[in-house]
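**Q** Have a look at this one before I ask anything.
The values are calculated or read from the model by the stated rules, or taken from the named source; none is laboratory data. What you see is a predicted model, and the numbers here were worked out from it, not measured in a lab. Here the Cβ positions follow ideal geometry from the backbone for every residue, glycine too, while neighbour counts run over all protein chains shown. Note: accessible area is taken over every heavy atom of the protein model, side chains too, but ligands, DNA and RNA are not part of it. Shrake-Rupley method; radii C 1.70, N 1.55, O 1.52, S 1.80 Å.
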Amino acid sequence: MSANPSARLIVGNWKMNGGLGLLDVLAAELAGGGWTGRAVVCPPATLLGEAHRRLAPLGVEVGGQDCHVAERGAHTGDLSAALLAATGARHVIVGHSERRAAYGEADLQVRDKTLAAVEAGLSPIVCVGDTAEDRASGRAVEVVTRQVGAVLDGALNGRPWVLAYEPVWAIGSGRAATADDIAEMHAALRAVVGGATPILYGGSVTADNAGEIRACPEVGGLLIGGASLRPDQFAAILRGC
Ligand code: PGA
């Protein structure tokens, strides 16, 4: 692992999967080290504390999958960024397309969650992505840059954050974006966010295609769903980066 903030960031998003057994297998798989990027695992929130205890000694950071916009209060069932940080988490995914679709999270809410995360000292991983319809109508770049613009309007004031381009049609479909599509979108995003923010790619990344994707210009790392539930695959991707 590397403390270099510009090192490639490899993030596993377990979504609503996994348990202590998977943590055990992952910790055993990663025990040998052998990677130079930054590794982050985002398990379900109930596992965050235990994941931090087991993975921090291996140089692996943990993160949440969502946070509330408020710092505290009467929000039954929700988790603030501060509560995530108290488990040892250093990151939180916000604006994942599954949350945008299932809970109607709109750009301004994603912006507020991003700000809540940085206020709590977490590094937000802000997800943006086009749908198949956006792409078919030639509006993919416009939609995605609008999503990012909403977050930038929120006065991040130079605090560290991470952007993740995840085409909705590529998530869980087994059909990753092509290198050309990734290069085009990442160039457009770089023009919007400027120099320092890492831009990850996510959507059907596997040990087989990770090498080609991470070689695309402006790809600063990977956000991995399904393959992160296979510790051998996650470790292979990490060691290949
Ligand atoms: P996937 O998910 O790798 O299973 O496509 C990526 C994500 O949703 O972050």
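**Q** Which value, in Å² and to the nearest 10, is the accessible area of Trp169 when all protein chains are kept and the probe is 1.4 Å?
**A** So the heavy atoms of Trp169 present about 40 Å² to solvent.
**Q** Rounded to a whole number, what % of the accessible area of the chain do carbon and sulfur atoms account for, probe 1.4 Å? Show your work: numbers first, answer last.
**A** On the way: 5410 of 10210 Å².
The nonpolar share, carbon plus sulfur, comes to 53 percent.
**Q** Once label points are set 7 Å from the Cα along Cα→Cβ at both Ala191 and Ala101, what is their separation, rounded to one decimal in nm?
**A** 2.9 nm
**Q** How large is Rg/Rh for the range 65-205, to two decimals, with Cα atoms and a Kirkwood Rh? Mind showing how you got there, number by number?
**A** Values: Rg = 14.8 Å, Rh = 15.3 Å.
Using only Cα positions, Rg/Rh for the range 65-205 is 0.97.
**Q** Whole number in Å², please: accessible area per residue of the chain, 1.4 Å probe, ligands, DNA and RNA not counted. Provide the component values of the computation, followed by the final result.
**A** Values: 10210 Å² over 241 residues.
Normalised by residue count, the accessible surface of the chain is 42 Å².
**Q** In terms of the Cα gyration tensor, with a ≥ b ≥ c the square roots of its eigenvalues, is the range 58-130 rounded because a/c is under 1.5, prolate because a/b exceeds b/c, or oblate? Before the final figure, lay out each step's value.
**A** Values: a/c = 1.82, a/b = 1.23, b/c = 1.48.
Here the range 58-130 falls in the oblate category.
**Q** What is the sum of charges around Pro160, taking Lys and Arg as +1, Asp and Glu as -1, for the other residues whose C-beta is under 14 Å from the C-beta of Pro160? Could the numbers behind the result be given before it?
**A** On the way: positive: Arg38, Arg90, Arg159; negative: Glu61, Glu119.
Spelling it out: positives minus negatives among the neighbours equals +1.
**Q** Let me check the size of the chain from its C-alpha atoms; what are the radius of gyration and Dmax in Å?
**A** When restricted to the Cα atoms of the chain, Rg and Dmax are 16.5, 48 Å.
**Q** To the nearest Å, what is the center-to-center distance of the range 60-119 and the range 196-215, using C-alpha atoms only?
**A** 23 Å
**Q** Determine one quarter of the surface area of the Cα convex hull of the range 133-235, which equals its mean projected area, and express it in nm² to one decimal. Please report the intermediate quantities before stating the final value.
**A** Numbers: hull surface 27.2 nm².
Mean projected area for the range 133-235: 6.8 nm², to one decimal.
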